[in-house]
Amino acid sequence: MTAHDRLTLVITAYNEQEALPLLHPRLCAQLRALADVDGRILYVDDGSSDATWQVMQTLAAQEPRVAVLRLSRNFGKEVALTAGLDFVEDGAVILLDADGQDPPELIPDFVALWRQGHDDVYGVREERDGDGWLKRVTAAVFYRVMGRLSKTPIPADTGDFRLLSPRALAALRQLRERQRFMKGLFGWVGYNRVALPYRRQARVAGRSKFGFWKLWNFALEGITSFSTAPLRVATYLGLFTATGAFAFAAWVVAKAALYGDRVAGWPTMMAVILFLGGVQLIALGLIGEYLGRLYMEAKQRPLYLVDTWQPANVAVSAPSTSAGERRADRSTVAWGQVP
Ligand code: UDP
Ligand code: MG
C-alpha cells in the first residue's frame, strides 16, 4: 500500500435530505478507524429538489475531507455515479447508496480485500431487508435473464455497492457510452474481481426512487446495452414463421389443386395475416429499441453538466505524487479537525 492509499467514498443522492445526516457520521466513523488510509467522501447531488444540497454543504463545512458535486439537474443514478467517479482525484473508490442500504460498517472488509490485490470488490446481497417480494422476484428473474443473454459477466444480486482499485477506476472512466448500465460496465472492465456477501439493510429514511416502471426501463437498458441476443430472437422468430407459412401455403395450393377451392377460407386468411403482422411488429419494435439507442449515442452529448463543484478542503498536493509526500499532507489534517 504505497502509491494508492487514498480512498474516496462516492455517494449519489437524489432527494435524501433525511437519510444523509444519518449516514454521514457512520461514514466518518469508518474512515477515522482506517488508520493507514487517506479517506475522503464525495457527495453527488443528482439535481435534488429538496434540501439535499444544503445538507451536503453543511456536512462539507463541518468536515474538510468532504467534497460535494452538484449536477445541473436530475440525470439518474447511473450518470450521477459516473460524474462522481470522474471527480475523484486518485486512489481507490467505494460506491454507496445515500439511504444506508449499503452498510458502511463493511468498508474495512472491502479495504482488506483490496489490499489482498483485488481490483473490483463487489457486494453481493444475501438478504434484502428493505425490499418487498415483488422486487426480489423480479430482480432474481432479471439477473438470470441477463446472465444468459450477455457475454459480459454480470454477477447476480450485485448492486453498485463496491470498491474499485485505481486501475479499475481508470478503466471505467474510459467507457463514455451514453446508455449507461453500470453493473454491466463494471463487469466489462474485469481485472481481479471478488464478491463480498452482505445483508442489504432497509432504508434509514425517505422513499425509494425506483418504482416498477423505472426498474423495467432499467432492465431494458441493461439487456439492450449488453446483448444483441433479442435481435437474433427476432431473426429466428421470422425464420420460424416464414417456414411455417411456406408449408401452409404449399398445403393450401395442393388442397385446392386436388379437391378444388370449395371454402372461402376467410378465417385462416385472417389468422395468417394477423399472426404475420404481429411478428413483424415485434421484430420492428426490437430493431427500433436498438436504433433509438444508436441515435442517442450518435448525438455525442456530454453525459452530465456540473452546477457546482466544491473540492475537499484539505491541502492536497498534485495527484500521484510520491507516497511520502501524500503521507505528510495527510498528517496535517486529522479526521474531524478543521485545518
Ligand atoms: N439516486 C440518484 N439519482 C436518481 C435516483 C436515485 O442518485 O435519479 C440515488 C438515491 O439517492 C440512492 C441511490 O441512488 O442513494 C439508490 O436509490 P434508491 O434507494 O431509491 O433505490 P433502491 O435502493 O430502492 O433500489
Ligand atoms: Mg435504496
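Overview of values
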quantity	calculated
Segment 18-32, subset in contact (Cβ under 8 Å) with a residue 60 or more places away in the chain and touching a helix residue (DSSP H, G or I) at 6+ places or on another chain (Cβ under 6 Å), residue surrounded by the most Cβ atoms within 10 Å (Cβ to Cβ)	20
Enumeration of residues in segment 194-207 that are within 16 Å of ligand 1 (Cβ to nearest atom) and surrounded by 17 or more Cβ atoms within 10 Å (Cβ to Cβ)	198, 200, 201, 203, 204, 206
Residue 231 vs. criteria surrounded by fewer than 11 Cβ atoms within 10 Å (Cβ to Cβ), among the hydrophobic types (A, V, I, L, M, F, W, C) and out of contact with any His (no Cβ under 7 Å at 6 or more places or on another chain)	no
Condition check for residue 306: modelled with pLDDT of 50 or more, surrounded by 13 or more Cβ atoms within 10 Å (Cβ to Cβ) and either farther than 27 Å from residue 60 by Cα or not aromatic (Phe, Trp, Tyr) (or both)	yes
Residues (at pLDDT below 90 and farther than 17 Å from residue 10 by Cβ) located in segment 35-49	35, 36
Positions within segment 134-145 being touching a residue at least 40 places away in the same chain (Cβ under 8 Å) and either closer than 20 Å to residue 41 by Cβ or more than 16 Å from ligand 1 (Cβ to nearest atom) (or both), in sequence order	145
Lone qualifier among 228, 241 - being modelled with pLDDT of 75 or more and under 30 Å from residue 148 (Cα atoms)	241
Residue list for segment 78-95, restricted to those being among the charged types (D, E, K, R) and within 16 Å of ligand 2 (Cβ to nearest atom)	78
Residue satisfying all of: in segment 101-133; within 13 Å of ligand 1 (Cβ to nearest atom) and among the acidic types (Asp, Glu); farthest from the chain's Cα centre (by Cα) among these	129
Enumerated helices (runs of 4 or more DSSP H) restricted to segment 96-193, each holding at least 1 residues that are hydroxyl-bearing (Ser, Thr, Tyr), surrounded by fewer than 21 Cβ atoms within 10 Å (Cβ to Cβ) and more than 16 Å from ligand 2 (Cβ to nearest atom)	133-149
Segment 208-238 - residue that is within 16 Å of ligand 1 (Cβ to nearest atom) and of a type in the set (S, T, N, Q) and, of those, farthest from residue 16 (Cα to Cα)	217
Failed item, numbered, when residue 216 is tested on (1) free of Cβ contacts under 8 Å to residues at least 12 places away in the same chain; (2) within 16 Å of ligand 2 (Cβ to nearest atom)	(2)
Residues being under 17 Å from the mean Cα position of the chain (by Cα), of a type in the set (Phe, Trp, Tyr) and within 16 Å of ligand 2 (Cβ to nearest atom) - total across segment 194-213	2
Positions within segment 274-316 being over 22 Å from the mean Cα position of the chain (by Cα) and β-branched (Val, Ile, Thr), in sequence order	279, 282, 287, 308, 314, 316
Considering residues of segment 33-87 that are more than 16 Å from ligand 1 (Cβ to nearest atom) and assigned to a loop (DSSP other than H, G, I, E, B) only, the residue surrounded by the fewest Cβ atoms within 10 Å (Cβ to Cβ)	35
Matching residues, segment 156-204, being polar (S, T, N, Q) and within 15 Å of residue 124 (Cα to Cα)	158, 201
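One line per residue, one yes/no per condition, for (1) at pLDDT below 80; (2) part of a helix (DSSP H, G or I); (3) over 30 Å from residue 245 (Cα atoms):
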residue: 275; (1), (2), (3): yes, yes, no
residue: 282; (1), (2), (3): yes, yes, no
residue: 290; (1), (2), (3): no, yes, no
residue: 295; (1), (2), (3): yes, yes, yes
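The values are calculated or read from the model by the stated rules, or taken from the named source; none is laboratory data. Since this is a predicted model, take the numbers as computed values, not measurements. Because the Cβ atoms are built from the backbone with ideal geometry, glycine has one as well, and the counts that use them run over all protein chains shown.
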